[in-house]
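Structure first, commentary second.
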Amino acid sequence: ILDDDDQHHTYKIYTDSSFYVHAYINEDNCDFTFEEARISIIEGGSGISSIRNTLEDDCSTCSEMVETCDFDNSNDCFFVEDTCNDIDFYYIVITNIASDYADYVIDVQSFKPSNAITSSINTGYSFVTSVHDIFVFDLSSISNSFFNVEITTGEAFVDVRIGNSLDCFVIEDLCEDDCDYEINGCDFDLDGLLYVAINTQGADSCINIPFYVTIEVTSVPVDDVISLSLNTPSSSSGLGRITSNGQWLRFEGNGVSYIMSDDIPDASCITNCDAVLENSGISGTNTYYFDATPGLTVTSFDVTQINAGSSQTFTFTEQDEVIVFAIPVQNSLGEYLFYVEDLEFSGVDFDTTDDIDIAYTFDNTITYGCSGFCGTFPTLSSSCYNSYSGVQVDSQCGDTEFIYVSLSLCDPITCDISFTVRVETSSEFESVTGTNHNAGFTSVSTYSPDGCTAAETSFTYFVDNVDGLFYASIRNVYGGSVSLSYSGSGCATIDSCTAQDTQYKDECSCSVSNDECISRSMCGNGPSVVSITADSDTTFEYQIITQFVDIASNSVSNTIYGETAHFYRITNANQAISVDVTVEYGPALDLSIIDGCQYGNRGYYESRMCFYGKCSFYIATESEHTRTSELYLSIESAKEQPFAAANQEYYEKETSYIVDVTRGTANCGAPPSSGFCSDVLNNLSNSAVWSFDDVNGRNNEAECYYDIINNGCSRPSSQCETLLKSFACLRAFPQCSSSGFQMGTCNELCTQIHEQCSSDIIFNLPPELVVCENPSYVSGTNGTCIATFPTPDATIVDPNFNPRQFFEDNANTIVIAPDNIVLPYFPPIIATMPPIILDDDDGNNKMIEHNIIENTENNDVANTSNILSTSVYLLVLSMVITLIF
């Protein structure tokens, strides 16, 4: 790579596992000119998202740069990237930061389970390396619940990763000398896979100093394990173990630590009191290890499920007893009321329910409380002799399956207390299913049906099928105003708007959505609640969109008006794609295309305003594509824009549009048969080139670029001209792959230009042609290439030939110069004398005219003429020799 501010080499990595990157200066150059470059790794990418064709501020901020490092002749760069965040592709960018050029190497390798070395308890493995490498060890067969991994590196350092998969590691450490890692069920799932990856970052490609690494797996000696029994206090100290099968468990005891050995890879060791054990209550076997002390008790308890609209009877048998019930959060707002009713108690203990204190709390997880439950949480309020007032609970805006409610009796009792818990929903609403935009709008009227009875003016809809896309709108408001809002389950309002009947009928529609700058309304999450409030004597229409319309064929057409949107899913998109939206008539449309919600702000997207005619999106190269099989297109009308010239907010008019989708090789066709490039395009390695709308413009572009690169001091040979023209034309008319993607230019064409063009031509080439190792080229004759290359001209002098060596001592008398030396042609040189020589002001009566010398003092004309002729000849000869050499 050259030292040029505009020169960046960019690589795209597709991966489904963790990988490492090693960047270094080519070992062949370690002892030569100092070279330095910078490597940056960018997480995810946005295709051509930086080209935003609207008048809005650009949504894009740079994708997250996760690593950057400078490397040179004595320092390499090493990175290990895991894929915990489900990013499937990365960009590597190389820039030259110091030298005239940098000859670099990047090595990218994935962590492969197939290459793992199986390890067991009390075994070791040693290796010696002087280069950067990766070693993976499989510890999955080890059944111990505790063991150590010891790594010895001497004075070197290595990168150590330990985890249950090679995609996401729990331990990430830079180890130097001796390092010990304790493996236990708290941090790892010891019933599943377990890997140790050692990355020899200490190696340097130019130094090659060997170092030694040893890994040893040893068991951890522990005292005898005490087997604990449910509901029975421990009588001794030591390591206690208990196993459950789907039971809800809690433990009592101060300063107790425990760990799990099963199915909780992200958990931390927990120290608590009266705690509900992590992962208990879930079907399956769970094993827990305790730092047992005398009196430690593990207790099981029940959790009763109560659905909305039903009830369940419970009994308190003693003071401080805790009863837990779960309310399923299903098809609701996540808001409920529970009632404690029908208490039956003894008059020996209490006179009325006012005398009975029952504390309560609720959350998305079970709360038992360490101590002082009754002093920490509120108590129920009595409403009559044997009942309490209802208590509202909700899902705390969380995405949860249950709301857990805990009740505790705070008073001592002689006799049991029985009671009923009843659960009801706290709001009235209508459950609806979102549709696609083709389903049409629903009409609503708030006029009195009989002129006497008041009509309903408030409407609440629970939308339970929100999986990404959510968009609600109202339009055709007549007679008054209508407000529209939406919120997530159990949460505050997210978006709201108001439409009204005005004199100019230009505010009769509005919309709400989880609008985000890049993904628009297509990446919402979870159930939503839509609320509509209208004036009396008003009519309007509403629509709730949660589904896409598939474009499985090539074309759809539709009309749209008011502040609303249409949403399309483009299937079979894992190939080259062109999307053309043609506005036939009507106000402008706001268009956005994304590759889904998986990558968030780092996915592919592009947006633009389309006022009239055809507006196009292209994913024309494989590097732009995220390999997704689906793309998503939103078309919004009457959308507010930040600049008055583009603002469509008050355009309540119909727009007619057509969407055309072209997939794969349908984007390609035969090369043009006329124009500047026609002769080159008849010599292609394959006959399919990308089809451009403006073929003449592409020909003109190629011709202009050819004039730029064919800019040497001398005219190039015909072979060189052919190669330069081929390069310019292939750049303008790239060939297509089997998936329809435009292919990069073949490396061989660049190489041939360097071999068949003179040095002054090469010197004036643009940067992309100066270095043929540029990653934009496709290796060999692959990619976009010509079928046959011109035969090299045999008369071209070897650029490495130095004619001065002919005169050196001990010169090779057999073969020194090429067989043919073509000397440059020079026009005749006529020597003339300046006027000051031609006059006779020296008094010697000498005259020189027309190269004839007359001497009145002697007749030695011949001698004088010979001297002058010899001088001119030597002058000319010296000039010729100088020019040649």
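The values are calculated or read from the model by the stated rules, or taken from the named source; none is laboratory data. Predicted, not measured: the structure shown is a model, and the values here were computed from it. Here the Cβ positions follow ideal geometry from the backbone for every residue, glycine too, while neighbour counts run over all protein chains shown. Side chains are part of the model used for accessible areas, which takes the heavy atoms of the whole protein and leaves out ligands, DNA and RNA. Shrake-Rupley method; radii C 1.70, N 1.55, O 1.52, S 1.80 Å.
A few points about this structure:
- FRET efficiency, 1/(1 + (r/R0)^6) with R0 51 Å, evaluated for Cys772 and Asp173 via beta carbons: 0.75
- Cα gyration tensor shape of segment 722-801, rounded if a/c is under 1.5, else prolate or oblate by comparing a/b with b/c: prolate
- Residues Ser481 and Thr317, FRET efficiency given R0 of 56 Å [Cβ-Cβ distance, rounded to 0.05]: 0.40
- Within the accessible area of segment 391-533 (1.4 Å probe), percent carbon and sulfur: 42
- Other residues lying with their Cβ under 12 Å from the Cβ of Tyr705 contribute a combined charge of -1, Lys and Arg counting +1, Asp and Glu -1.
- Cβ crowding within 10 Å averaged over residues, with 72-79, 174-181 ranked highest first: 72-79, 174-181
- A 1.4 Å probe run over segment 411-541, with the rest of the protein chains in place, finds 45 Å² accessible per residue.
- The residues neighbouring Tyr585, those whose beta-carbon lies less than 14 Å from its own, together hold a net charge of 0 under the Lys/Arg +1, Asp/Glu -1 convention.
- Cβ-defined net charge surrounding Tyr777, 13 Å radius [Lys, Arg +1; Asp, Glu -1]: -2
- Rolling a 1.4 Å probe over the protein heavy atoms of segment 98-157, with every protein chain left in place, gives an accessible area that is 45 percent carbon and sulfur.
- Virtual spin-label span in nm between Lys614 and Tyr650, 7 Å along Cα→Cβ: 3.5
- Spin-label model, Asp355 to Thr498: label points 7 Å out along the Cα-to-beta-carbon direction sit 5.6 nm apart.
- Here each label is just a point 7 Å from Cα along the line to Cβ, and for Gln109 and Asp363 those points are 4.7 nm apart.
- Size of segment 650-705 from its Cα atoms: along the principal axes, largest to smallest, the extents are 54, 27, 16 Å.
- Packing rank of 439-447, 238-246, 520-528, where each peptide gets the mean count of other beta carbons within 10 Å, highest leading: 520-528, 238-246, 439-447
- Quotient of Cα Rg and 2.2 N^0.38 Å for segment 91-142, N being how many residues it contains: 1.79
- Over segment 665-743, equivalent-ellipsoid semi-axes from the Cα gyration tensor in Å: 24, 12, 10
- Loop-located chymotrypsin sites (Phe, Trp or Tyr not before Pro) in segment 720-796 (DSSP state not H, G, I, E or B) with no more than 15 neighbouring Cβ atoms inside 10 Å do not occur.
- Beta bridges per DSSP with both ends in segment 385-516, % antiparallel, nearest 5: 80
- For segment 276-315: accessible area per residue (Å², 1.4 Å): 44
- Segment 147-164 and segment 679-749: distance between their alpha carbon centers, rounded to Å: 53
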